[in-house]
Each structure stands twice: as structure tokens, then as C-alpha cells.
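*Asks:* Below is a structure I'd like to ask you about.
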Amino acid sequence: MSVTYNSNKQVYNGHEFFPSTVILKPRVEVHGGDLRSFFTLVMTDPDVPGPSDPYLREHLHWIVTDIPGTTDSMFGKEVVSYEMPRPRIGIHRFVFILFKQKRRQAVVPPASRDRFNTRNFAEENDLGLPVAAVFFNCQRETAARRR
């Protein structure tokens with residue numbers, strides 16, 4: 001899996017992006033499987049409201065299902081629309097997790113973005129273990145940084 005923002009900013013584990021860089025949803029390419037296999041992409045923030053005390057973890061930012069193998073997220077079905085990262089306190093991790101589906105049109109979206117649990121979501125939708133994951137760090141941007 002590869003995740004790219006603004007057509008040229010690739011996500012690598014631990015790299016930092018400013019909120020102004022991640023306003024629009026990224027392109028997520030699936031490198032495994034074939035056109036007969038389908039994948040579900042989940043994006044969450046496990047550090048809500050802040051990384052030192054993330055008692056509201058996780059916050060759901062995006063879910064795309066039925067992504068055919070060897071294609072990208074634009075070919076899937078967006079069941080939870082992309083919500084841009086807006087960290088308020090500290091440095092947050094934003095995690096992309098990719099699951100291989102056992103069959104097409106089998107994923108039920110959660111009722112809420114708040115207090116989302118990726119592990120429970122995977123169990124409820126019979127997704128098994130993740131096949132790929134990547135994360136970036138993001139923190140609140142000061143006005144001076146945006147200029």
C-alpha cells in the first residue's frame with residue numbers, strides 16, 4: 001500500500017505533515033491481490049484528544065471498501081467520507097490500515113466516528129488481520145507556519 005497526498009507527498013511511517021497539507025483525501029494504492037480481490041481501507045487517529053491521555057481513542061477519519069486489488073481508493077466505495085486531520089493538542093498519529101475482504105459488499109459502516117475501534121470493526125466485518133498499515137504524524141499549525 002502506498003499513500004500519497006497532493007500527488008507528490010508520500011506517507012512514510014513517522015513522517016510529519018501539517019494540517020494544511022492533508023486537507024484533501026490522499027490517493028491510496030493497493031499493491032496486492034488482483035482485480036477479483038477486494039480491500040477495505042480505514043484511517044483513524046488513535047490519539048484523541050491528545051497523545052498524553054488519549055481517552056477518546058480512536059477517531060475515525062475515513063473508510064473506503066471494495067477497492068479492487070492493484071488499483072487505488074478512487075475505485076472503491078467510500079462508506080465514511082474523508083475528514084481532514086485537525087489535531088488540537090500535541091502530535092497525533094494518523095493511521096491507514098488496509099484489510100483484505102473475504103467478499104465484496106460485506107462491510108457495514110460504523111454508527112459514529114467517535115470512539116471508533118479498528119479491532120472491533122475488523123471483527124464485526126470479518127476482515128481478519130490487516131495486510132498493510134502506514135502512519136504519519138501531524139500537529140496543530142500555528143498561523144506563522146501557514147504563511
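The values are calculated or read from the model by the stated rules, or taken from the named source; none is laboratory data. These figures come from a predicted structure and were not determined experimentally. Virtual Cβ from ideal backbone geometry, glycine too; neighbours counted across all protein chains shown. Quick note on the areas: whole protein, heavy atoms, side chains included, nothing else; ligands and nucleic acids left out. Shrake-Rupley method; radii C 1.70, N 1.55, O 1.52, S 1.80 Å.
*Asks:* Are there any pairs with C-beta distances below 9 angstrom linking a residue in region 50-67 that is more than 18 Å from residue 125 (Cβ to Cβ) to a residue that is surrounded by 17 or more Cβ atoms within 10 Å (Cβ to Cβ) and of a type in the set (Val, Ile, Thr), with the two at least 6 apart or on different chains, and if so which?
*Replies:* Partner pairs satisfying both residue conditions: 54/48; 55/48; 56/48; 57/44; 57/48; 59/44; 59/48.
*Asks:* Applying the selection to region 96-136, what residues are among the aromatic types (Phe, Trp, Tyr) and either open to solvent by 20 Å² or more (accessible area, probe 1.4 Å) or touching an Asp or Glu at 6+ places or on another chain (Cβ under 6 Å) (or both)?
*Replies:* Across region 96-136, the qualifying residues are 116, 135.
*Asks:* Of all residues in region 38-63 being of a type in the set (D, E, K, R) and open to solvent by 10 Å² or more (accessible area, probe 1.4 Å), which is farthest from residue 81 (Cα to Cα)?
*Replies:* So the first thing to find is which residues in region 38-63 are of a type in the set (D, E, K, R), and the list is 45, 47, 53, 57-58.
Now drop any that are not open to solvent by 10 Å² or more (accessible area, probe 1.4 Å), which leaves 53, 57-58.
Numbers: 53: 27, 57: 19, 58: 16 Å.
Applying the filter and picking the extreme gives 53.
*Asks:* Considering only residues of region 3-31 that are in contact (Cβ under 8 Å) with a residue 40 or more places away in the chain and of a type in the set (Ser, Thr, Tyr), which is most open to solvent (accessible area, probe 1.4 Å)?
*Replies:* Checking each candidate, the answer is 12.
*Asks:* Which one of 72, 66, 34 is out of contact with any Phe, Trp or Tyr (no Cβ under 8 Å at 6 or more places or on another chain), at pLDDT 95 or above, open to solvent by less than 70 Å² (accessible area, probe 1.4 Å) and among the acidic types (Asp, Glu)?
*Replies:* 72
*Asks:* Search region 73-98 for residues that are closer than 18 Å to residue 125 by Cα and touching a residue at least 60 places away in the same chain (Cβ under 8 Å) and pair each with any residue that is in a loop (DSSP other than H, G, I, E, B) and open to solvent by 30 Å² or more (accessible area, probe 1.4 Å) when their beta-carbon atoms are under 8 Å apart and the residues are at least 6 apart or on different chains.
*Replies:* These pairs meet every condition: 96/1; 98/1; 98/130; 98/131.
*Asks:* Against the conditions (1) in contact with a helix residue (DSSP H, G or I) (Cβ under 7 Å, 6 or more places away or on another chain); (2) in a loop (DSSP other than H, G, I, E, B), where does residue 138 fall short? Just the number, please.
*Replies:* Every listed condition holds for residue 138 apart from (2).
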